[in-house]
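**Q** Here you go, one structure.
The values are calculated or read from the model by the stated rules, or taken from the named source; none is laboratory data. Because the structure is a prediction, the values reported are computed rather than measured. Cβ placement follows ideal geometry from the backbone for every residue including glycine, while neighbour counts extend to all protein chains displayed.
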Amino acid sequence: MKRRCNALLAALALIVPMAWADGVPVPRQALPSYAQECGSCHMAFAPALLPAPSWQRIMNGLGRHYGTDASLDAASAQKIGAWLQANAGTYKRVREEPPQDRMTQSNWFLRKHREVAPDVFRRASIKSAANCTACHGGADQGNFSEHAVRIPK
């Protein structure tokens with residue numbers, strides 16, 4: 001019986017394109033160019049954390065990406081943009097387009113972090129609310145479990 005269950009789970013893993021972590025759908029495999037280009041400066045955020053219009057504006061504004069020039073060649077930008085659009089958040093909590101397309105200003109983010117004082121995000125060990133991996137050790141794999149949160153001093 002256990003072998004059948006394991007075989008079924010293995011088969012499902014092959015046909016289900018998304019994993020779910022704390023209610024956030026995370027593609028089983030990030031687009032390598034996305035992980036390389038975007039992940040070279042910050043965590044390569046799960047596309048499902050923002051709606052498609054936000055990703056479109058972000059990709060169209062890479063020359064002024066939150067104060068930095070993150071421009072890409074046209075082919076890379078098109079490929080990454082298409083992947084972000086295909087995997088963008090469509091479920092209830094991310095349908096809203098947050099101010100300045102910042103997931104840290106979305107209602108769901110603010111609700112999930114309401115117990116965290118604003119000065120905590122300014123600690124040298126954290127730097128900003130967008131540095132998910134500072135407190136969520138498995139954030140880069142989509143693990144945002146509240147049970148695994150470790151807020152650094």
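**Q** Report whether or not Ala70 is part of a loop (DSSP other than H, G, I, E, B), in contact with a Phe, Trp or Tyr (Cβ under 7 Å, 6 or more places away or on another chain), at pLDDT 90 or above and surrounded by 13 or more Cβ atoms within 10 Å (Cβ to Cβ). Walk me through it before giving the result.
**A** Working: part of a loop (DSSP other than H, G, I, E, B): yes; in contact with a Phe, Trp or Tyr (Cβ under 7 Å, 6 or more places away or on another chain): no; at pLDDT 90 or above: yes; surrounded by 13 or more Cβ atoms within 10 Å (Cβ to Cβ): yes.
So Ala70 fails the test.
**Q** Select from the stretch 87-99 the residues that are more than 18 Å from Met43 (Cα to Cα) and either among the charged types (D, E, K, R) or touching a residue at least 24 places away in the same chain (Cβ under 8 Å) (or both) and list them in ascending order. If you could, list the steps in order and put the result at the bottom.
**A** Residues of the stretch 87-99 more than 18 Å from Met43 (Cα to Cα): 90-99.
Across the stretch 87-99, the qualifying residues are Thr90, Tyr91, Lys92, Arg93, Val94, Arg95, Glu96, Glu97, Pro98.
**Q** Would you check if there is a residue in the stretch 49-61 being modelled with pLDDT of 95 or more, in a loop (DSSP other than H, G, I, E, B) and surrounded by fewer than 18 Cβ atoms within 10 Å (Cβ to Cβ)?
**A** yes
**Q** Any residue in the stretch 31-51 that's closer than 14 Å to Thr104 by Cα: show its pairings with residues that are basic (Lys, Arg) at Cβ separation under 7 Å, as long as the two are six or more apart or on different chains.
**A** From residues that are closer than 14 Å to Thr104 by Cα, the pairs are Pro51/Arg95.
**Q** Sticking with this one: Output the number of the condition that Ala86 fails; it satisfies all remaining conditions of (1) of a type outside the set (Ser, Thr, Tyr); (2) at pLDDT below 95; (3) part of a helix (DSSP H, G or I); (4) within 24 Å of Thr133 (Cβ to Cβ).
**A** (4)
**Q** Which of the residues spanning the stretch 113-137 are touching a residue at least 24 places away in the same chain (Cβ under 8 Å) and either within 18 Å of the chain's Cα centre (by Cα) or in a loop (DSSP other than H, G, I, E, B) (or both)?
**A** First, pick out the residues of the stretch 113-137 that are touching a residue at least 24 places away in the same chain (Cβ under 8 Å): 116, 120, 123, 125-126, 128-133.
Residues satisfying the conditions are Val116, Arg123, Ser125, Ile126, Ser128, Ala129, Ala130, Asn131, Cys132, Thr133.
**Q** Right, something else. Considering only the stretch 110-127, I want to know if a residue exists there that is aliphatic (A, V, I, L, M) and closer than 19 Å to Ala35 by Cα. Working first, answer last.
**A** Taking the stretch 110-127 as the starting set, the residues that turn out to be aliphatic (A, V, I, L, M) are 110, 116-117, 120, 124, 126.
Remaining after also requiring closer than 19 Å to Ala35 by Cα: none.
Taking every residue of the stretch 110-127 in turn, none turns out to be aliphatic (A, V, I, L, M) and closer than 19 Å to Ala35 by Cα.
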